[in-house]
Protein chains: 2
Amino acid sequence: MSSSGGPAFALSCPLPLTGSERVLLGHGSGGKMTAELIARYVLPAFGNPYLDRLDDQAVVEIGGQRLAFTTDSFVVRPLFFPGGDIGTLAVNGTVNDLAMAGARPLYLSAGLILEEGLRLDDLGAILESMRAACQRAGVLLVTGDTKVVNKGSGDQCFINTTGIGVVEHSRLLSADQARPGDRVVLSGNIGDHGMAVMSRREGLEFDTVIESDTAPLHGLVASMLEGGSELRCLRDPTRGGLASTLNELALASGVGLEIEETRIAVRPAVHAACELLGLDPLYVANEGKLVAIVGESSAEAVVGRMRRHPLGVDAAVIGVVTEQHPKMVVMRTRIGGTRVVDLHPGEILPRIC
Amino acid sequence: MSSSGGPAFALSCPLPLTGSERVLLGHGSGGKMTAELIARYVLPAFGNPYLDRLDDQAVVEIGGQRLAFTTDSFVVRPLFFPGGDIGTLAVNGTVNDLAMAGARPLYLSAGLILEEGLRLDDLGAILESMRAACQRAGVLLVTGDTKVVNKGSGDQCFINTTGIGVVEHSRLLSADQARPGDRVVLSGNIGDHGMAVMSRREGLEFDTVIESDTAPLHGLVASMLEGGSELRCLRDPTRGGLASTLNELALASGVGLEIEETRIAVRPAVHAACELLGLDPLYVANEGKLVAIVGESSAEAVVGRMRRHPLGVDAAVIGVVTEQHPKMVVMRTRIGGTRVVDLHPGEILPRIC
């Protein structure tokens, strides 16, 4: 299922919906309320072996060829922010969901929902960003659709992108593949995307402009797949942040995760912005980072190869998979204590992607 | 490119945008303004041999297998109407865009954009409709995404569906394949979907309830592909209606089309509703009909096979392809005159699919 914040049709935990008869913003957070919505409404209707995996994409076989297939809608507000715009995100987000299956991204579709009154100059700029992002990622946008809704029935521009990629390895990369002893690898510092958008939205000014980390990750993934490394699972910690992704992995595999706060890098400006807004960077969206679960014997080699790629220079092992406290994520803190890192119950940063 | 009303990234006619600096409702009509928007903003950014065909879907080749790939966003208002709802439409619309390539639909993705405040009961009903439509069409929904936007930034529920189908024939079915002498075939009566939605939206009551014709057409298409018939092109005349579809075909193939008004069936209730609202049924959306361009020698046999399928019992030859008046559609009227059936300049029925 989608990402830009973890699987959006996500998590088969049998939780009751928290008393509401209506959709709330928290249902789109990528956290516990999203999981409840999916578990109660989506999976009962459509459950099948592809969807039930709750990965960021489905891997289907057609004519003997394994294909990855993934979809994401982008509703970020504002449309433009430091480091990118909704068009950049829409291409990279879907490219990355294909990459997380270890697939080579090939083709994208684009579905635009435009609100009456959107400036055509803005539309032109967004399409130019999509063009540039497609070129950088080496994918072709081959089919599309444009709808217009009345003023007040949308919010300038929503974009759905759906992608097809070809899976050229024979591994099963899935959220349920983590095993005790495996290592948790993170490709770089966290929180940049979410704080870039929030800073622009809230009109915050810092000495350093925080830029979104939006980037296509399939090149980095290709380097990780080399040499028969024991990769179990790849995920991009987007909506809901690193904490949500780690919880999804722990739940799906029925294992515990233990991570080290000191190994998780956060830029000073991102840290400062989070403090100001009362946010925990663990829950803040990234758009150019990945988490990998890697067999113990391969972890060092995989991190080494990641560090030689421009998008993985700060890659590090941040934790281990354990038999203890199954389905829970526990963090050893900077001051030597431990805390449970839970799925966020509801709303954190609405409309971040 | 999309349909639910003809290609939405559509028509490479080099027209200037009609003086506006902002997106207008007419840009989503499936008519001339949509064509202008696509020609000026989309094709220059993304132009490639797949997109440039301006068909309802791209046909790509992966590992020696031809695959059809298509996307559509659904923004219909109201969400529920006689004969279906946004969920039914979202599945059948994308299934039909695959069918128009002669493809066997296999897999769908779904991207939901929900507005805060949507009733969860309504969401449940929509998902149940999608489930039933998937089952009827024999497709699997294998991946999805859910986003929530603030109240006032959406309109209850928008749905994107994207589909993959396998092309098991070797024909090139495309809008540029019509040749003088070919026949224009229509699968049944027109205008039902558009008037079902408009009647509900405007609170009109008729003796007969007008129901949407939404239905999956790939079974009908399979029957048309039998026996080596000379099929040139298939299109479903959705947003923008029969008139828009015929104009797109005439433009893409550089031919004239001559159609006979007396051969185009319109139900009495649909005719009455159109009169009341001042609409021409030629421009009203269908969601379970198709137009085929068929070689002269195959036309009779194709129509015969269509009539043996439940969704084609009223199939008929409604016109011919001609060398005269290239890129124009001309209709011989009921009273013996002729009139040009043009692309509608702008807005006809907003948010009909």
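In table form, for the structure just shown:
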read-out: Among residues of the range A:56-78, those that are open to solvent by 10 Å² or more (accessible area, probe 1.4 Å) and either among the acidic types (Asp, Glu) or touching a Cys at 6+ places or on another chain (Cβ under 6 Å) (or both), counted; value: 1
read-out: Residues of the range A:245-304 satisfying the condition of being within 17 Å of the chain's Cα centre (by Cα), open to solvent by 10 Å² or more (accessible area, probe 1.4 Å) and within 26 Å of A:GLY228 (Cα to Cα); value: A:ALA252, A:LYS289
read-out: Every residue from the range B:92-109 that is at the interface with chain A (Cβ under 7 Å from one of its Cβ atoms) and open to solvent by less than 10 Å² (accessible area, probe 1.4 Å); value: B:SER109
read-out: Filter result (β-branched (Val, Ile, Thr) and in a strand (DSSP E or B)) within the range B:312-324; value: B:VAL317, B:ILE318, B:VAL320, B:VAL321, B:THR322
read-out: Count of the range A:33-47 residues which are out of contact with any Gly (no Cβ under 8 Å at 6 or more places or on another chain), facing another protein chain (nearest Cβ under 10 Å) and open to solvent by less than 10 Å² (accessible area, probe 1.4 Å); value: 2
read-out: Top-ranked residue in the range A:153-163 [being over 26 Å from A:HIS218 (Cα atoms) and within 23 Å of the chain's Cα centre (by Cα); ranked as farthest from the other protein chains (Cβ to nearest Cβ)]; value: A:CYS157
read-out: Scope the range A:228-244; condition among the small types (Gly, Ala, Ser) and open to solvent by 20 Å² or more (accessible area, probe 1.4 Å); matching residues; value: A:GLY228
read-out: Residue under evaluation B:ARG171, criteria (1) at the interface with another protein chain (Cβ under 9 Å from one of its Cβ atoms); (2) surrounded by fewer than 24 Cβ atoms within 10 Å (Cβ to Cβ), criterion not met; value: (1)
read-out: Selection within the range B:138-152 - more than 7 Å from chain A (Cβ to nearest Cβ) and either open to solvent by less than 10 Å² (accessible area, probe 1.4 Å) or of a type outside the set (Gly, Ala, Ser) (or both); value: B:VAL139, B:LYS151
read-out: All strands (runs of 3 or more DSSP E) inside the range B:23-117 with 3 or more residues being within 23 Å of B:LEU349 (Cβ to Cβ) and modelled with pLDDT of 95 or more; value: B:65-74
read-out: Hits in the range A:201-222 (condition: open to solvent by 30 Å² or more (accessible area, probe 1.4 Å) and not in a helix (DSSP H, G or I)); value: A:GLY203, A:LEU204, A:GLU205, A:PHE206, A:ASP207, A:THR208, A:VAL209, A:GLU211
read-out: Some residue of the range B:190-200 being touching a strand residue (DSSP E or B) at 6+ places or on another chain (Cβ under 8 Å), of a type outside the set (S, T, N, Q), within 30 Å of B:LEU79 (Cβ to Cβ) and open to solvent by 20 Å² or more (accessible area, probe 1.4 Å); value: yes
read-out: Filter result (in contact with a helix residue (DSSP H, G or I) (Cβ under 7 Å, 6 or more places away or on another chain) and either open to solvent by 30 Å² or more (accessible area, probe 1.4 Å) or more than 9 Å from every other protein chain (Cβ to nearest Cβ) (or both)) within the range A:110-137; value: A:GLU116, A:ILE126, A:GLU128, A:SER129, A:ARG131, A:ALA133, A:ALA137
read-out: Selection count where residues are in contact (Cβ under 8 Å) with a residue 24 or more places away in the chain and either outside the structural domain of A:GLU261 (by TED's automatic domain parsing) or surrounded by fewer than 23 Cβ atoms within 10 Å (Cβ to Cβ) (or both), scope the range A:322-340; value: 12
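The values are calculated or read from the model by the stated rules, or taken from the named source; none is laboratory data. As the structure is a prediction and not an experimental result, all values here were calculated from the model. A quick note on method: Cβ atoms are made from the backbone with ideal geometry, for glycine too, and the neighbour counts reach across all protein chains shown. Areas reflect the complete protein model, heavy atoms only, side chains present, ligands, DNA and RNA absent. Shrake-Rupley method; radii C 1.70, N 1.55, O 1.52, S 1.80 Å.
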